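Inspection log for the structure reproduced underneath, given as structure tokens.
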Amino acid sequence: MDDVNHVDEPAATESLARLVVEVAELLDVMWEGARDTSPVPLSASQLRAVVALEQAAGVSLSALVRALDSTAPSVSRLCDRLEAVGFLHRAPNPSSRREVRLSLTREGHAYLADLRARRQHRLGSVVERMPAHARAALLDGLTAFRDATRALTGEPAAE
């Protein structure tokens with residue numbers, strides 16, 4: 001793919017973006033397969049909520065609504081389901097009786113760790129088939145992609 005070597009050109013950038021979409025779709029299929037083998041498979045929206053709760057322990061429902069870009073009734077029902085499977089704990093906010101704090105339970109953290117391990121194993125089997133120089137280039141490219149994405153979304157840079 002010669003045009004990717006000159007990514008400053010609009011056509012090359014478009015071609016690269018198409019390739020990223022294709023790879024993202026392949027990753028999605030692999031990740032869904034890993035998620036579906038879980039003893040408690042979560043929907044995509046439930047998984048997004050679990051990840052958001054991991055990143056912001058003790059968050060309020062309204063903050064989770066904003067993080068998920070959803071509505072309060074939808075997120076409340078989502079939390080009900082996560083609580084029912086033992087992944088979510090609700091606790092009163094000591095500084096405001098009207099507010100409830102949401103956090104992952106030990107089981108929720110264990111679910112994410114197990115899911116990530118299964119995904120990493122699946123991806124590892126693909127990456128190990130790549131030549132060493134391609135793995136090094138992928139590492140450089142994905143690191144830059146992650147950093148650019150975080151800068152665009154306002155997320156903090158990787159440590």
Report task. Find all pairs meeting these conditions: Cβ atoms under 9 angstrom apart; at least six residues apart or on different chains; first residue within the range 137-153 and of a type in the set (A, V, I, L, M); second residue assigned to a helix (DSSP H, G or I). Result -> LEU138/VAL127
Query raised in the report: Does ARG118 count as part of a strand (DSSP E or B) and touching a residue at least 24 places away in the same chain (Cβ under 8 Å)?
Result: no
Query raised in the report: Are any residues in the range 15-43 modelled with pLDDT of 85 or more, closer than 19 Å to LEU82 by Cα and among the small types (Gly, Ala, Ser), and if so, which ones?
Result: SER43
Query raised in the report: With (1) without any contact (Cβ under 8 Å) to a residue 40 or more places away in the chain; (2) farther than 22 Å from LEU27 by Cβ as the list, and ASP69 as the residue in question, which single condition is left unmet?
Result: (2)
Requested in this report: Give me a count of the residues in the range 95-111 that are at pLDDT 95 or above and assigned to a loop (DSSP other than H, G, I, E, B).
Outcome: 1
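When the range 81-125 is examined, which residues are found to be within 21 Å of the chain's Cα centre (by Cα), polar (S, T, N, Q) and farther than 18 Å from GLN46 by Cα? Can you show your working first?
First, pick out the residues of the range 81-125 that are within 21 Å of the chain's Cα centre (by Cα): 81-83, 85-89, 102-125.
So of that shortlist, the ones also polar (S, T, N, Q) come out as 103, 105, 120, 125.
Selection gives GLN120, SER125.
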Query raised in the report: Across the range 51-94, what is the total count of residues that are assigned to a loop (DSSP other than H, G, I, E, B) and surrounded by 18 or more Cβ atoms within 10 Å (Cβ to Cβ)?
Result: 1
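Would you mind finding the one in ARG106, ARG48, ARG119, ARG97 that is of a type in the set (D, E, K, R), surrounded by 13 or more Cβ atoms within 10 Å (Cβ to Cβ), out of contact with any Leu (no Cβ under 7 Å at 6 or more places or on another chain) and not assigned by TED's automatic domain parsing to the domain that holds VAL29?
Details: ARG106 fails: surrounded by 13 or more Cβ atoms within 10 Å (Cβ to Cβ); ARG48 fails: out of contact with any Leu (no Cβ under 7 Å at 6 or more places or on another chain); ARG97 fails: surrounded by 13 or more Cβ atoms within 10 Å (Cβ to Cβ).
Answer to the selection: ARG119.
Can you pull out every residue in the range 54-101 that is of a type in the set (Lys, Arg) and touching a Ser or Thr at 6+ places or on another chain (Cβ under 7 Å)? Even if it seems obvious, please write down each step before you answer.
Within the range 54-101, the first condition is being of a type in the set (Lys, Arg), and the residues that meet it are 66, 77, 81, 90, 97-98, 101.
ARG101, the sole residue that qualifies.
Just need a number here: residues in the range 123-134 that are over 17 Å from ALA24 (Cα atoms) and part of a helix (DSSP H, G or I). Let's see the steps before the verdict.
Applying the first criterion (over 17 Å from ALA24 (Cα atoms)) to the range 123-134 yields 128-134.
Adding the requirement that they be part of a helix (DSSP H, G or I) leaves 132-134.
Number satisfying all stated conditions: 3.
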**Report entry** Residue that is of a type in the set (A, V, I, L, M) and in contact with an Asp or Glu (Cβ under 7 Å, 6 or more places away or on another chain), where the choices are LEU104, LEU53, LEU26
**Finding:** LEU104
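The values are calculated or read from the model by the stated rules, or taken from the named source; none is laboratory data. Given the structure is predicted, the values throughout are model-derived calculations rather than measurements. A quick note on method: Cβ atoms are made from the backbone with ideal geometry, for glycine too, and the neighbour counts reach across all protein chains shown.
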